[in-house]
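The values are calculated or read from the model by the stated rules, or taken from the named source; none is laboratory data. Here the structure is a predicted model, which means the values were calculated and not measured. Virtual Cβ from ideal backbone geometry, glycine too; neighbours counted across all protein chains shown.
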Amino acid sequence: MRLNYHQDTDSLYIHLVEHPGVEAREVAPGITIDFDREGKPVGIDIEHAKSILDMNKLDIESFPIGKISSA
């Protein structure tokens with residue numbers, strides 16, 4: 001999983017897997033989920049992220065992490 005914040009548009013994209021989506025559905029105003037060919041979610045796009053999310057803190061709990069990368 002990878003998080004990308006785009007400051008110029010104040011949008012956050014959460015890459016759930018590293019392959020492209022083929023369909024996008026807006027599930028709430030400003031929140032879109034991308035799906036692959038099998039209908040599985042591959043990413044989440046959040047517009048106006050600072051007004052929706054607390055961008056000051058990221059907590060990870062009970063997550064089976066093998067390696068943390070800051071690429």
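Considering only residues that are at pLDDT 95 or above, of a type in the set (Asp, Glu) and under 13 Å from the mean Cα position of the chain (by Cα), which ones fall in the range 11-51?
Those that are at pLDDT 95 or above, of a type in the set (Asp, Glu) and under 13 Å from the mean Cα position of the chain (by Cα): ASP34, ASP45, GLU47.
Can you tell me which residues in the range 25-39 are part of a loop (DSSP other than H, G, I, E, B) and in contact with a Pro (Cβ under 8 Å, 6 or more places away or on another chain)?
ASP36
Can you spot a residue in the range 5-24 that is of a type outside the set (Ser, Thr, Tyr), in a loop (DSSP other than H, G, I, E, B) and free of Cβ contacts under 8 Å to residues at least 12 places away in the same chain?
Taking every residue of the range 5-24 in turn, at least one turns out to be of a type outside the set (Ser, Thr, Tyr), in a loop (DSSP other than H, G, I, E, B) and free of Cβ contacts under 8 Å to residues at least 12 places away in the same chain.
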